[in-house]
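Engineer: Here it is: the structure, laid out below.
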Amino acid sequence: MRSLRQENIMKHSNIILLSLSLFTIASCSGGFGTMDRVMSSWHGASLDEAIMQWGPPNQEQTIAGKKYYRWFYTKSAPMPMNTYGTANQFGNTTFVQMQTTGGGLMVGNCTRTLQVDDKNIISATHWEGNNCPFADVLEYSNWERRKN
């Protein structure tokens, strides 16, 4: 038998877990188009423009004569923990069983890759990860190319 407090905690934990699940699904499923739009906004821009807005890349790589620049973004968030239990009384003895679910740390990553031509103009883009934005909010609001 659960107390009212335990029921409220369970409901709030379920809402938080559902919200985080939807965030992860949205991020992995193409971000409802946001990340595709963000990356395509850079086609035709100069690499210098991207560096001015995003900062220096974390990695530079040349493959088959083509240059790639990558920016890595990692964010961690603690997951909610929920402990609930039952108590049964037999005579003068009470037996309590407790169970804890959730907790731990969720780590999200997003990698942005820009390919440039021989004039350092962005010719192709790619992104991948479980923490790419599905909306232009918070720290992600600076990812789309600012056009003057």
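Engineer: Answer yes if at least one residue in region 64-71 is modelled with pLDDT of 95 or more, in a strand (DSSP E or B) and under 14 Å from Cys132 (Cβ atoms), and no otherwise.
Structural biologist: yes
Engineer: Right, here's the next one. Just one of (1) modelled with pLDDT under 95; (2) surrounded by 12 or more Cβ atoms within 10 Å (Cβ to Cβ) trips up Arg112, so point out which.
Structural biologist: Among (1) modelled with pLDDT under 95; (2) surrounded by 12 or more Cβ atoms within 10 Å (Cβ to Cβ), the lone unmet condition for Arg112 is (1).
Engineer: So which residues in region 58-92 are within 22 Å of Lys119 (Cβ to Cβ) and touching a residue at least 40 places away in the same chain (Cβ under 8 Å), if there are any at all?
Structural biologist: Once the filter is applied, which keeps residues that are within 22 Å of Lys119 (Cβ to Cβ) and touching a residue at least 40 places away in the same chain (Cβ under 8 Å), region 58-92 yields Lys66, Lys67, Tyr68, Tyr69, Arg70, Trp71.
Engineer: Something else about it: Given the structure, is Val107 touching a Lys or Arg at 6+ places or on another chain (Cβ under 6 Å) and either among the hydroxyl-bearing types (Ser, Thr, Tyr) or surrounded by 10 or more Cβ atoms within 10 Å (Cβ to Cβ) (or both)?
Structural biologist: For Val107, the condition - touching a Lys or Arg at 6+ places or on another chain (Cβ under 6 Å) and either among the hydroxyl-bearing types (Ser, Thr, Tyr) or surrounded by 10 or more Cβ atoms within 10 Å (Cβ to Cβ) (or both) - is not met.
Engineer: Could you give me the residue pairs with C-beta distances under 7 Å whose first residue belongs to region 124-148 and is loosely packed, with under 14 Cβ neighbours inside 10 Å, whose second residue is of a type in the set (Ser, Thr, Tyr) and outside any loop (DSSP other than H, G, I, E, B) wherever it lies, and which are 6+ apart or on separate chains?
Structural biologist: What qualifies is His126/Thr113; Glu128/Thr111; Ala135/Thr34; Asp136/Thr34.
Engineer: Among the numbered criteria (1) under 23 Å from the mean Cα position of the chain (by Cα); (2) surrounded by fewer than 16 Cβ atoms within 10 Å (Cβ to Cβ); (3) among the aliphatic types (A, V, I, L, M), which single criterion is violated by Ala87?
Structural biologist: Going through (1) under 23 Å from the mean Cα position of the chain (by Cα); (2) surrounded by fewer than 16 Cβ atoms within 10 Å (Cβ to Cβ); (3) among the aliphatic types (A, V, I, L, M) one by one, Ala87 breaks only (1).
Engineer: Quick one: count up the residues across region 115-148 that are aliphatic (A, V, I, L, M) and part of a loop (DSSP other than H, G, I, E, B).
Structural biologist: Residues that pass the stated criteria total 2.
The values are calculated or read from the model by the stated rules, or taken from the named source; none is laboratory data. Because the structure is a prediction, the values reported are computed rather than measured. Reconstructed Cβ throughout: ideal geometry from the backbone, glycine too, with neighbour counts over all protein chains shown.
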